[in-house]
Structures are given as C-alpha cells and as structure tokens.
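The values are calculated or read from the model by the stated rules, or taken from the named source; none is laboratory data. Please read all numbers here as calculations on a predicted model, not as lab measurements. Cβ sites come from the backbone with ideal geometry, for glycine too, and all protein chains shown count toward neighbours.
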Amino acid sequence: MQGSINKKAILFAVLTILMWSSLATLMVSINHLPPLFTVGIILIIASIPGLKFWYQWKLSLSVWIKAIIGLFGYHYLLFDAFSRSPVMAVNMIQYLWPLFIVLGSPLFISTRLNMGHIIGTVLAFLGVILTLMQQKPTEGNSHDWFGYIEAFFAALLWAYYTLSNAKVKNMPSSAVAGFCLCSGVIAVIVYFLLGGQLPITDINWHNIVIILMLGLGPMGLSFYSWDYAIRYGDPRLIGTLTYLTPLLSICMMALVFPAITLTWIHLVALIMIISGVFLGKLFR
C-alpha cells in the first residue's frame, strides 16, 4: 500500500543508496570518454539481468517514453556535467533530486506538502549556492556553469522518472531492463550519428572494469532495487533516506581523488541540503 511503512522497500532503498554512493567516483574515473557512448554501453550492460523477462514488458507507449527520457537524460547530462565542471559542485547539485521527489510527490500521487517542505526547499537551494561560491573562477567558467545547469536538470529528470514509475501499478521490475536497453541503444546510435568514433585508443582495462562495475552496480542492479523501493514504499520517506547518498558519495570522492578537497564549507552546505527534507517531518 502506497505511503505505508514497507520494511522490504526500505531494505531495497538502503541497498540502492549503498550502490549509488559509488556512482560519482566511478563516473569521474572515466569522464575522459565520450558521454553518449559511455552512457549507452553502461545502460546496455545494465539491461542484461532482466532481458530474459522481456515477455513481461507489456506497458503503454507513454510509460516507455517517460522512462527512456528519464534514464537517458539523467545519465547523459550527469556524465557530461562531470566532464565540464568541478566534480564536487556537480555532485552536490545533482543530489537535489531527493528533494525534488518529495516536492513533486503531490503531482503524481496522493500526498500533501507542508510548510516544512517549503522551508526545506529554500534551505537546500541556499546550500547549493554556498557550494558554487566555493568554486574559484577559471577560464572555463562559462563551461562550469553549463555543467551546473546540466546537473540541475539531471536532478529534475531523475525525480520525474522516479515519480512517473511510482504511479504505474502492476509494472514488473524487469521492465527496467527494457528501459535501460532502449535508452542505451538510442545513446549509442545518436553518438555515431553525430559523427562519433569508437574511442578504442582512449579505453584501457581499468576503464573496462569501471564500465562493468557501473553497469552491474550503481547503473545496473540499483535500478531494479530502486524501482521496487519507490513503488512499494512511501516516496517521501524513501526520498528522505536517499539523502544518505550524497554524504557517502562526497566523502568517497574526497578519499579517492587527492585533488578533491572536502572543506567544512562543503559539509555545511551538504547539511543544509539534507536538512531540507527532514524539515517536512516537523510540520503537520
């Protein structure tokens, strides 16, 4: 029942959070590769576990279109943003999507917002602004801002994808494989139509391992566990739990990449963003 506490849904949400925590770190590791090509290959890999259930994919055309736009759009924009702009700021901005899920819930399912949700939105945006203020001006500053805009729209697209699926009753989780397959194929086709070449000289065994890890974990099995969690749990509660993801993600990036420094300003901004959703619990 939507809105009720479903322990299995919470468990799947936690598993998803753990996988997604490595997403940014793995993405940055291969951000020298063409975003369209990389996204396409990874999504095709992600579809493999559910291909054998293709006969269950009996959904309306509108569901397919919304899901493909959400999956393809989110991952392409995020990959491209990471290749253009400071990764810490991009990561902070794209993690506005849990807040968008909470705020967008009334548009898709029967939930209501309170004053806490509104105040939380303002607080979250202030946190993002604080993060952007920490970026030093560079010659590519215009590219930086373009990447920030991409990250913002990526967050909107993921919230849209999530809430669109949440309202579809009796949709098998295996349908996610179909969404991934179509999105991946479209990404690869568009890449070559735009004149892209096979980036063979840019790929090494380390890159291949990263691509496989992404396809099997944060951009693979996580889609299936997330689909179950969001459709059988309360989107507002699940959205709140997912704010553990940016905390774990940013700490992981700072540990793996010496060039990325985690300052107290970043922590303050992150706390502000995370607090956005929890404020909703203080008002009735």
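Worth pointing out:
- Test result for V168, modelled with pLDDT of 75 or more, surrounded by 14 or more Cβ atoms within 10 Å (Cβ to Cβ) and in a loop (DSSP other than H, G, I, E, B): yes
- Enumeration of residues in region 231-244 that are assigned to a helix (DSSP H, G or I) and crowded, with 24+ Cβ neighbours inside 10 Å: P235, I238, G239
- Every residue from region 142-201 that is small (G, A, S) and in contact with a Lys or Arg (Cβ under 6 Å, 6 or more places away or on another chain): G147, S164, A166
- Residues that are of a type in the set (V, I, T), out of contact with any Leu (no Cβ under 8 Å at 6 or more places or on another chain) and assigned to a loop (DSSP other than H, G, I, E, B) within region 184-221 are absent altogether.
- Test result for A254, crowded, with 16+ Cβ neighbours inside 10 Å, over 18 Å from the mean Cα position of the chain (by Cα) and either more than 27 Å from N170 (Cβ to Cβ) or among the small types (G, A, S) (or both): yes
- Scanning region 172-230 for residues that are among the charged types (D, E, K, R) and surrounded by fewer than 17 Cβ atoms within 10 Å (Cβ to Cβ) yields a count of 1.
- Selection from region 62-76 of residues that are surrounded by fewer than 18 Cβ atoms within 10 Å (Cβ to Cβ) and either in contact with a Gly (Cβ under 6 Å, 6 or more places away or on another chain) or of a type in the set (G, A, S) (or both): S62
- Residue pairs whose Cβ atoms lie under 6 Å apart, sitting 6 or more positions apart in sequence or on different chains, and linking a residue in region 8-32 that is on the phi > 0 side of the Ramachandran plot to a partner that is hydroxyl-bearing (S, T, Y), do not occur here.
- T242, sole failed condition from (1) touching a helix residue (DSSP H, G or I) at 6+ places or on another chain (Cβ under 7 Å); (2) among the hydroxyl-bearing types (S, T, Y); (3) without any contact (Cβ under 8 Å) to a residue 12 or more places away in the chain: (3)
- Restricting attention to region 77-131, the residues that are in a helix (DSSP H, G or I) and polar (S, T, N, Q) add up to 6.
- You will find that of Y243, Y224, Y228, the residue that is touching a Pro at 6+ places or on another chain (Cβ under 8 Å), among the hydroxyl-bearing types (S, T, Y) and at pLDDT 80 or above is Y224 and no other.
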